[in-house]
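Reading through the structure tokens given below for one structure.
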Amino acid sequence: RDKLPANCIAPYITPELRDKLVSKADFYALCDKYGIPYPKTFCAEGPMDAAALSPEALGFAYPVIVKPSSSILYWKHPFDGMKKVYTAATPEEASAILAQIYGAGYPDIVILQDRIPGDDSFMHVLTAYCDKNNSVKMMCLGHVGLEEHTPKALGNHAAIITEYNEPLMTKLKAFLEDVGYTGFANFDIKYDSRDGSYRVFEINLRQGRSNYYVTATGMNIARLVVEKWNDGGTDCVLNKNEVFWHHVPAQVAFTYTEDKDLVARAKALKAQGKEACSLLYKPDLLWNPVRYACVLEQLRRQFKKFKTYYPVHK
């Protein structure tokens, strides 16, 4: 960004803020400062014996989530059986996962976390856009119905219904503006039924893979960048328009989403035409039968993927 000509705009944060937020460990330190709930966390800085990973040492019970603090560095050190996120049922399993990750050359912190109870439908995603002056211009919250479960895509959103939660949006809006954020931010959040809190897992310094759920509400992100970068206003649109977005066939979402009230809402939105699928974009498909056939085949394969990898076969 610093090397671009003066007439080029890069709607992105400073390198200093990027480095604070891209590390999950550093991000959680900021969450402590701003009173943002996140799962109980233990940071490992290298391989550890099982005895040092007991529930007493961690401060929470097994099973636990294990994931790298830096996804960027993690994927630069591949190994057989590599997963995006791990679940360890015992200290011995956690120790073996750490040995595998660090044995491949990964140089950063590995996070061990309390596993928040609940299936995919307890997950939420929030996307925000901040202008040149660090003012939040748009926020859109999605209630996840279903995630992907293949090893390298675990946790990627597969179906979302947008919804409105002003207290959650307001808290994260204040955080973004206070840290001086610019551009798109994307939060992964899970509802904790044990205390009614929404616990933030991480912030992605970009729009998410599933970001078309935002566009489907009528808030086109390209228009935001062009028209809201420096318009001088302080208005912020908190989305209230409800739509059903999916990246897998709707029937897969209906079958595997465990919250049946959410399924009913999704079916009702589909019946009303308030539905969007990232792959089924008519202008791309209308005069391109080969692409259309490829997209249909990709969607068809999702039935087998979920039958194979979803933890509770239906």
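Inside the stretch 259-308, can you point out the residues that are open to solvent by 60 Å² or more (accessible area, probe 1.4 Å), under 27 Å from residue 163 (Cβ atoms) and hydroxyl-bearing (Ser, Thr, Tyr)?
281
Conditions first: (1) under 30 Å from residue 253 (Cα atoms); (2) acidic (Asp, Glu); (3) surrounded by 21 or more Cβ atoms within 10 Å (Cβ to Cβ). Residue 131 passes all but one, so which condition is the exception?
Residue 131 satisfies every listed condition except (1).
Among the residues of the stretch 226-251, write down those that are among the polar types (S, T, N, Q), open to solvent by less than 70 Å² (accessible area, probe 1.4 Å) and out of contact with any Gly (no Cβ under 8 Å at 6 or more places or on another chain).
239
Among (1) within 20 Å of residue 208 (Cα to Cα); (2) in contact with a strand residue (DSSP E or B) (Cβ under 9 Å, 6 or more places away or on another chain); (3) of a type in the set (Lys, Arg); (4) surrounded by fewer than 17 Cβ atoms within 10 Å (Cβ to Cβ), there is one condition residue 223 misses while meeting the rest; what is its number?
Residue 223 satisfies all of (1) within 20 Å of residue 208 (Cα to Cα); (2) in contact with a strand residue (DSSP E or B) (Cβ under 9 Å, 6 or more places away or on another chain); (3) of a type in the set (Lys, Arg); (4) surrounded by fewer than 17 Cβ atoms within 10 Å (Cβ to Cβ) except (2).
Just give me the residues in the stretch 5-21 being of a type in the set (A, V, I, L, M) and either open to solvent by 80 Å² or more (accessible area, probe 1.4 Å) or assigned to a helix (DSSP H, G or I) (or both), in sequence order.
Once the filter is applied, which keeps residues that are of a type in the set (A, V, I, L, M) and either open to solvent by 80 Å² or more (accessible area, probe 1.4 Å) or assigned to a helix (DSSP H, G or I) (or both), the stretch 5-21 yields 6, 9, 17, 21.
Has the stretch 32-42 got at least one residue that is assigned to a helix (DSSP H, G or I) and either in contact with a Pro (Cβ under 7 Å, 6 or more places away or on another chain) or in contact (Cβ under 8 Å) with a residue 12 or more places away in the chain (or both)?
Within the stretch 32-42, one or more residues are assigned to a helix (DSSP H, G or I) and either in contact with a Pro (Cβ under 7 Å, 6 or more places away or on another chain) or in contact (Cβ under 8 Å) with a residue 12 or more places away in the chain (or both).
Just checking, how many residues over the stretch 53-70 are outside any strand (DSSP E or B) and surrounded by 15 or more Cβ atoms within 10 Å (Cβ to Cβ)?
Going through the stretch 53-70 one residue at a time, the tally reaches 6.
Take the stretch 24-68 and flag every residue that is closer than 20 Å to residue 207 by Cβ and not charged (D, E, K, R).
Hit for the stretch 24-68 is 27, nothing else.
Taking the condition of being of a type in the set (Lys, Arg) and surrounded by 19 or more Cβ atoms within 10 Å (Cβ to Cβ), how many residues in the stretch 187-216 meet it?
2
Which of the residues belonging to the stretch 22-52 are of a type in the set (Lys, Arg) and open to solvent by 50 Å² or more (accessible area, probe 1.4 Å)?
Within the stretch 22-52, 33, 40 qualify.
Within the stretch 149-186, track down each residue that is more than 24 Å from residue 222 (Cβ to Cβ), assigned to a loop (DSSP other than H, G, I, E, B), open to solvent by 20 Å² or more (accessible area, probe 1.4 Å) and touching a residue at least 60 places away in the same chain (Cβ under 8 Å).
Of everything in the stretch 149-186, those that are more than 24 Å from residue 222 (Cβ to Cβ), assigned to a loop (DSSP other than H, G, I, E, B), open to solvent by 20 Å² or more (accessible area, probe 1.4 Å) and touching a residue at least 60 places away in the same chain (Cβ under 8 Å) turn out to be 149, 150, 151, 152, 154, 155.
Only residues that are open to solvent by less than 40 Å² (accessible area, probe 1.4 Å) and assigned to a strand (DSSP E or B): list them for the stretch 71-124, please.
Correct list: 86, 88, 110, 111, 112, 113, 114, 123, 124.
The values are calculated or read from the model by the stated rules, or taken from the named source; none is laboratory data. Just so it is clear, the model here is predicted, and its values are computed rather than measured. Methodologically, a virtual Cβ is constructed for each residue, glycine included, from the backbone with ideal geometry; neighbour enumeration extends over all protein chains shown. Note: areas computed on protein heavy atoms with side chains; ligands, DNA, RNA excluded. Shrake-Rupley method; radii C 1.70, N 1.55, O 1.52, S 1.80 Å.
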